[in-house]
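Here is the structure we will look at, set down as structure tokens.
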């Protein structure tokens with residue numbers, strides 16, 4: 001049994017999604033986004049999504065929760081964590097010809113990276129993409145995100161190119177790798 005339960009996100013998950021996304025923004029390993037989000041902004045983002053482009057979350061199951069080290073807040077106090085990752089299928093391009101291509105996002109709570117939760121999220125996103133009639137999934141990743149690159153390769157994504165100097169983060173140009181998976 002997996003230590004994670006993957007389910008569709010609800011408005012009640014907005015705060016956890018926000019926290020995890022902000023970690024990805026701060027850590028500079030998964031997104032070219034630079035502005036931190038708010039729970040209200042994430043609630044609106046969730047509400048505006050179509051059923052074809054779902055957001056999913058991974059909860060800790062009870063036995064796993066009891067044996068894990070939860071993240072701490074700024075004061076060093078343990079924070080209660082239930083949602084430890086999220087992922088989404090996103091519109092790749094609004095043009096009708098691209099309606100069978102889904103962009104994807106996967107974000108994992110710092111304390112749970114490398115523990116299989118990203119694998120659970122990505123596996124479910126692939127299932128959902130097939131169920132929703134997508135033909136292809138695409139993503140853009142940082143080449144130095146070794147964990148993410150290994151995860152995508154494990155699930156059959158292949159590199160199709162590199163965008164050189166795609167974004168400016170903290171005063172330096174960063175490359176992104178473009179990957180795809182035909183479903």
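Calculate the tail of P(r) for segment 91-183: the fraction of all Cα-Cα distances greater than 23 Å, expressed in %. Counting pairs separated by more than 23 Å, the tail of P(r) holds 28 percent. With a simple spin-label model that places each label point 7 Å from the Cα along the Cα-to-Cβ direction, the separation between residue 168 and residue 136 comes to 3.1 nm.
Listed from fewest to most Cβ neighbours within 10 Å, the set 86, 173 follows the order 173, 86. Taking the longest Cα principal axis of the chain as reference, the axis of helix 117-131 is set at about 40 degrees. Per-peptide packing, taken as the mean over residues of other Cβ atoms within 10 Å, places 88-98, 48-58 in the sequence 48-58, 88-98 from highest down.
Relative intensity of the chain on a log10 scale, I(q)/I(0) at q = 0.18 Å⁻¹, equals -1.34, per a Debye sum over C-alpha point scatterers of equal strength in the absence of solvent.
What separates the Cα centres of segment 95-148 and segment 14-28 is a distance of 16 Å.
Each reported figure results from applying straightforward, stated rules to the coordinates on display, with no laboratory input. Note that the structure is predicted; figures quoted are calculated from it, not measured. Cβ atoms come from the backbone with ideal geometry, glycine included; neighbour counts cover every protein chain shown.
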